[in-house]
Amino acid sequence: MSQKTTPDNNAFNMTLATVIGQVGCLTPIILIGALFAGLWLDKVFTTRPFFTILFIVVSAPVAVVALIYIVRKSTARLKPISTNTAKSFEEEANRE
């Protein structure tokens, strides 16, 4: 039995790909930005590991909050499949 793609399935797949791409790019940007900012502040104030460690520790929860925000915003645009559409899709797939 072959599985056909529906517009709802395509929307879900595209949303999932978008979320993965955004999170995959944003998380390292936040962490690397925190690392360089911490190293720079440590160099300016001659407090070698303090700001670097502080910024890295603080950037982890910031990255998680950004991840949650992106996922909630992206999935809010998805519409649930109505039961009538899902049933007719199953019936069409069973006929083949």
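Nothing in this text is a laboratory measurement; each read-out follows from the coordinates by a stated rule. If you're wondering where the values come from, they're calculated on a predicted model, not measured in any experiment. FYI the Cβ positions are ideal-geometry reconstructions off the backbone, even for glycines, and counts take in every protein chain you see.
How much length is gained on full extension from ILE20 to ARG77, taking 0.36 nm per residue of separation minus their Cα-Cα distance? Please report the intermediate quantities before stating the final value.
Details: separation 57, 0.36 × 57 = 20.52 nm, distance 1.57 nm.
Between ILE20 and ARG77, full extension yields 18.9 nm more.
What Kirkwood Rh does segment 29-78 have if only Cα atoms enter the pairwise 1/r average? Answer in Å.
Working: mean 1/r = 0.0844 Å⁻¹.
Taking the inverse mean of 1/r over all distinct Cα pairs, segment 29-78 comes out at 11.8 Å.
What distance in nm separates the two pseudo spin-label positions at VAL62 and ARG48, each 7 Å out from Cα along the beta-carbon direction?
2.5 nm
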